[in-house]
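Worksheet for the structure shown next.
The values are calculated or read from the model by the stated rules, or taken from the named source; none is laboratory data. Just so it is clear, the structure is predicted and the values come from calculations on it, not from any experiment. Methodologically, a virtual Cβ is constructed for each residue, glycine included, from the backbone with ideal geometry; neighbour enumeration extends over all protein chains shown. Protein only, heavy atoms only, side chains kept; ligands, DNA and RNA dropped before computing areas. Shrake-Rupley method; radii C 1.70, N 1.55, O 1.52, S 1.80 Å.
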Amino acid sequence: MVEIARTSLANESLALTALDGRYRAAVAPLVDYLSEAALNRDRIHVEVEWLIHLTDNSVLPGTSPLTAEQKAALRKIVTDFNADSVQELAEIEAVTVHDVKAVEYYIANRLEGIGIAQLKPLVHFGCTSEDINNLSYALGVQGGVQQVWLPAARDLVAQLTTMAEDSREVPMLSRTHGQPATPTTLGKELAVLAWRLTRQLDRIEKTEYLGKINGATGTYAAHYASVPSADWQQISRGFVEHLGLTWNPLTTQIESHDWQAEVYADIARFNRILHNLCTDVWSYISIGYFAQIPVAGATGSSTMPHKVNPIRFENAEANLEISNGLLDTLGATLVTSRWQRDLTDSSSQRNIGSAIGHSVLAISNVAKGLDRLDVAEAVLADDLDHNWEVLAEAIQMVMRAEAIAGVEGMDNPYERLKDLTRGHRVDAARLKEFVGELGLSAEAEQRLQSLTPGTYNGIASQLVDHLKK
């Protein structure tokens, strides 16, 4: 066995995962919300706002509202947070061996410069680490979903909706169980997917992002021990809502994370519907319904120069599956905590960015893939013309209606059409001949004689209008 000679790359600025390496550009906006640095910035934000909230309301005897300049200086600690801040915080944490305690010291070290050194004891007052963490994660997830994921998903559905509207009149052979079936239109089938995706987006937009700040076991014990005269529940609620979150009044040490499980399940369901779109479009490409527009200079295969592979949809499939694997795990893990607290959520939540990042990457690839498609209307029309037997359903139903209207000789319509068409290819001439031999009323016969596979699609094109509602 020949061993590979390796030099260590561990000290280089190289990415371990694909999201931070190959696909960095597609997911970079999430760094502002769901990275470790963003989490620490949000922790500082929560701590600063808590200090301001306590002083604004003069909760503790001996405190009074800060001046506008002092508040601005405190908030500048958040807005000035940068790479140097990340490094400084890491150095403090190397001593404290505790990430939230490092944040507390990071803020306290700046109070003297603002002229409020006497308020150092007020930093992190009454808080357990989870008071800060749950709010920080809620703000990060809220930002990542609302500012990055949802806009990308909405843009994709709008793109799909436009495709559905543009192709609403393009007749297409359906395939149920992979076999030729009652025709539809391409636009209607794309509209089905757009409708399904939109429903999930509507659910995700209504997500409640919950938060709490109530102490080590959710009882406000330290709060009332130190300041028994304060209405700590009202103070807590006012603060959580001030951050733009929904107050959770009843928790253990941790906010229960049920809302996280809910939104991750909804995103995962969106992902699964999008995965269905990928497999359908991939299959339509494979039978020639869509032609792919080649990218100038791109290579489809290292050995077969003629190929234009549907790589965007294949890439999206894989990333949707990875995203859902993480989202499903988060949803299952985060709703359980032993007794009043365990740390499984702490490790799990550090993967939220990866879970949503793989979904964002997939959305990006689907959008790029759809943008490179042309509808091959001639292929769709040819497929319909080779499957006249799909009109058997229409003929059978007309015969049933004729029988109810009193027309003679309409017995056993299903069986008669089954004998004619099952397992057989029937061309236009044979089908028209069969219709002419049935003894239908003149109006019914004329209706069927004028029908073709390309026109037998009901109100498919009108159904696309539901996307506008």
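Tabulated results
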{"read-out": "Whichever residue in the range 249-279 is over 17 Å from GLN349 (Cα atoms) and out of contact with any helix residue (DSSP H, G or I) (no Cβ under 8 Å at 6 or more places or on another chain) and, among such residues, is most open to solvent (accessible area, probe 1.4 Å)", "value": "LEU250"}
{"read-out": "Verdict on ALA102 being in a helix (DSSP H, G or I), small (Gly, Ala, Ser) and in contact (Cβ under 8 Å) with a residue 60 or more places away in the chain", "value": "no"}
{"read-out": "Residues of the range 340-357 classified as open to solvent by 20 Å² or more (accessible area, probe 1.4 Å) and within 12 Å of the chain's Cα centre (by Cα), total", "value": "0"}
{"read-out": "Answer from ALA376, ALA362 - the residue that is more than 30 Å from ILE254 (Cβ to Cβ), touching a strand residue (DSSP E or B) at 6+ places or on another chain (Cβ under 8 Å) and of a type in the set (A, V, I, L, M)", "value": "ALA376"}
{"read-out": "Residue that is least open to solvent (accessible area, probe 1.4 Å), among those in the range 398-410 that are out of contact with any Asp or Glu (no Cβ under 8 Å at 6 or more places or on another chain) and in a helix (DSSP H, G or I)", "value": "MET399"}
{"read-out": "Residue ID - nearest to the chain's Cα centre (by Cα), chosen from residues in the range 100-114 that are among the aliphatic types (A, V, I, L, M) and within 22 Å of TYR33 (Cβ to Cβ)", "value": "VAL100"}
{"read-out": "Cβ-Cβ under 8 Å pairs, at least 6 apart or on other chains, the range 453-469 side of a type in the set (Lys, Arg), far side open to solvent by less than 30 Å² (accessible area, probe 1.4 Å) and assigned to a loop (DSSP other than H, G, I, E, B)", "value": "none"}
{"read-out": "Residue that is nearest to the chain's Cα centre (by Cα) [pool: residues in the range 77-99 that are surrounded by fewer than 18 Cβ atoms within 10 Å (Cβ to Cβ), not charged (D, E, K, R) and not in a helix (DSSP H, G or I)]", "value": "ASN82"}
{"read-out": "Conditions (1) of a type in the set (A, V, I, L, M); (2) in a helix (DSSP H, G or I); (3) open to solvent by 40 Å² or more (accessible area, probe 1.4 Å); (4) within 30 Å of ASN315 (Cα to Cα); number of the one not met by ALA26", "value": "(3)"}
{"read-out": "Residue in the range 205-218 that is surrounded by the fewest Cβ atoms within 10 Å (Cβ to Cβ), counting only those that are polar (S, T, N, Q) and closer than 11 Å to THR128 by Cβ", "value": "THR217"}
{"read-out": "Extreme residue, nearest to LEU34 (Cα to Cα), among residues of the range 339-357 that are in contact (Cβ under 8 Å) with a residue 40 or more places away in the chain and not in a helix (DSSP H, G or I)", "value": "ARG350"}
{"read-out": "Selection from the range 429-454 of residues that are surrounded by 12 or more Cβ atoms within 10 Å (Cβ to Cβ) and either touching a Phe, Trp or Tyr at 6+ places or on another chain (Cβ under 9 Å) or within 17 Å of VAL390 (Cβ to Cβ) (or both)", "value": "ARG430, LEU431, LYS432, PHE434, VAL435, ARG447, LEU448, GLN449, LEU451, THR452, PRO453, GLY454"}
{"read-out": "Check on SER301, modelled with pLDDT under 95, of a type in the set (Ser, Thr, Tyr) and more than 16 Å from ALA194 (Cα to Cα)", "value": "yes"}
{"read-out": "Hey, ALA291 open to solvent by less than 70 Å² (accessible area, probe 1.4 Å), more than 28 Å from GLU169 (Cβ to Cβ) and either in contact with a strand residue (DSSP E or B) (Cβ under 7 Å, 6 or more places away or on another chain) or not in a loop (DSSP other than H, G, I, E, B) (or both) or not", "value": "no"}
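Let's see how each residue does on (1) within 28 Å of the chain's Cα centre (by Cα); (2) part of a helix (DSSP H, G or I); (3) closer than 30 Å to TYR105 by Cα; (4) not charged (D, E, K, R):
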| position | (1), (2), (3), (4) |
| --- | --- |
| HIS124 | no, no, yes, yes |
| ILE132 | yes, yes, yes, yes |
| SER136 | yes, yes, yes, yes |
| VAL145 | yes, yes, no, yes |
| GLN159 | yes, yes, no, yes |
| MET163 | yes, yes, no, yes |
| THR184 | no, no, no, yes |
| LEU190 | yes, yes, no, yes |
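Results for (1) part of a helix (DSSP H, G or I); (2) over 30 Å from ARG416 (Cα atoms); (3) open to solvent by less than 30 Å² (accessible area, probe 1.4 Å); (4) not aliphatic (A, V, I, L, M), shown as yes or no for each residue.
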{"residue": "SER359", "(1), (2), (3), (4)": "yes, yes, yes, yes"}
{"residue": "ASN365", "(1), (2), (3), (4)": "yes, yes, yes, yes"}
{"residue": "LEU370", "(1), (2), (3), (4)": "yes, yes, yes, no"}
{"residue": "ALA378", "(1), (2), (3), (4)": "yes, yes, no, no"}
{"residue": "ALA381", "(1), (2), (3), (4)": "yes, no, no, no"}
{"residue": "LEU391", "(1), (2), (3), (4)": "yes, no, yes, no"}
{"residue": "GLN396", "(1), (2), (3), (4)": "yes, no, yes, yes"}
